[in-house]
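The values are calculated or read from the model by the stated rules, or taken from the named source; none is laboratory data. Model, not experiment: these values are computed from the prediction. Counting neighbours? That spans all protein chains shown, and the Cβs are built from the backbone with ideal geometry, glycine included. Surface accessibility is based on the protein's heavy atoms, side chains included, excluding ligands, DNA and RNA. Shrake-Rupley method; radii C 1.70, N 1.55, O 1.52, S 1.80 Å.
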Amino acid sequence: MSYDRASLWGPANFSGRPPARLVVEGLVVGVVTAGLVAAAAVTGVLTGVLTVGTVVGAVVALASAVYLFSTNAGRVLVGVVALSGGFLAWWIPGQTAQAVLAARGESRTVVVTEVHVHRYEGRNYLKNSCSVRLPDGAPVPTEAWRSCAADARPGRRLTMVFDPEGAVPPTDRVLPSSAATALAGPAAAGLALAALCCVAVIRSQP
């Protein structure tokens, strides 16, 4: 294998099946990386520190990439692991919030207090969002978007889905049918990240 190709994809200097120690190491690195990224992101959502969870997940992905780089893994694979891990850390929180609402969310009536018009000049497009409150006057921390139609006016009643435990903000988006449906994509992406880490380790054989 040429030097350039070995540098990009890893030397993989073995014939036949890869050494068992590399397979084991690859599985450990992959499972730990994907597991920690997912755990940090999910924990951030459930504890109300979403940004912290995302940042911790991204740091874990970067640390894994640095480790792979130090083991002579292919530079392309190292880069893909870093990008995939960062994307997963960013994507999982939103999907987790949807899963929580799909599993235990409650529909509640809210009252529009103010309508905001968002103008997208480049596309000649308008979109409304509505500030809302509960009927008892309690403010709602998020705006309604999907149900805030062009004819929305203050005083109009809309429906949003709330988490009774308050772990995630309410939404008026169409939610997945179940928590499993919401998390299916991130689970598949996590497995792909683990597989990438495993391949990178196996191909790092000098």
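Taking the solvent-accessible surface of protein heavy atoms with a 1.4 Å probe, what is the per residue accessible area of segment 56-206 in Å²?
52
Please determine, in degrees from 0 to 90 and to the nearest 10, the orientation of helix 75-104 with respect to the longest principal axis defined by the Cα atoms of the chain, where the helix direction is its Cα long axis.
30
Go ahead and collect, in residue order, the members of segment 147-183 whose backbone nitrogen is under 20 Å from a label point 7 Å along the Cα-Cβ direction of L126.
Flagged as within label range: 147-157.
Search the structure for amide H atoms under 5 Å from the amide H of N128, placed 1.01 Å from N in the peptide plane, and list their residues when 5 or more places away or on another chain.
Distant-sequence amide H within range of N128: H118.
In whole angstrom, how far apart do the alpha carbon centroids of segment 93-134 and segment 137-206 sit?
Here the answer is 12 Å between Cα centres.
Could you work out how far helix 20-46 tilts from the main Cα principal axis of the chain, as a 0 to 90 degree angle to the nearest 10?
The answer is roughly 20 degrees.
Relative contact order, percent, of segment 94-206 when contacts are C-alpha pairs under 8 Å separated by at least 6 residues?
Relative contact order here is 32 percent.
Using a 10 Å Cβ count of at most 15 others and DSSP loop calls, identify the longest part of the chain lacking such chymotrypsin sites (Phe, Trp or Tyr not before Pro).
Counting at most 15 other Cβ atoms within 10 Å as exposed, the longest clean stretch of the chain is 15-144.
Of all accessible surface on the chain at a 1.4 Å probe, what whole percent is carbon and sulfur?
Result for the chain: 63 percent of the exposed heavy-atom area is carbon or sulfur.
Match the structure shown to one of the listed values (i) 11.7; (ii) 22.9; (iii) 15.1 of mean projected area of the Cα convex hull in nm², computed from it, and give that label.
Answer label, from the structure shown: (iii).
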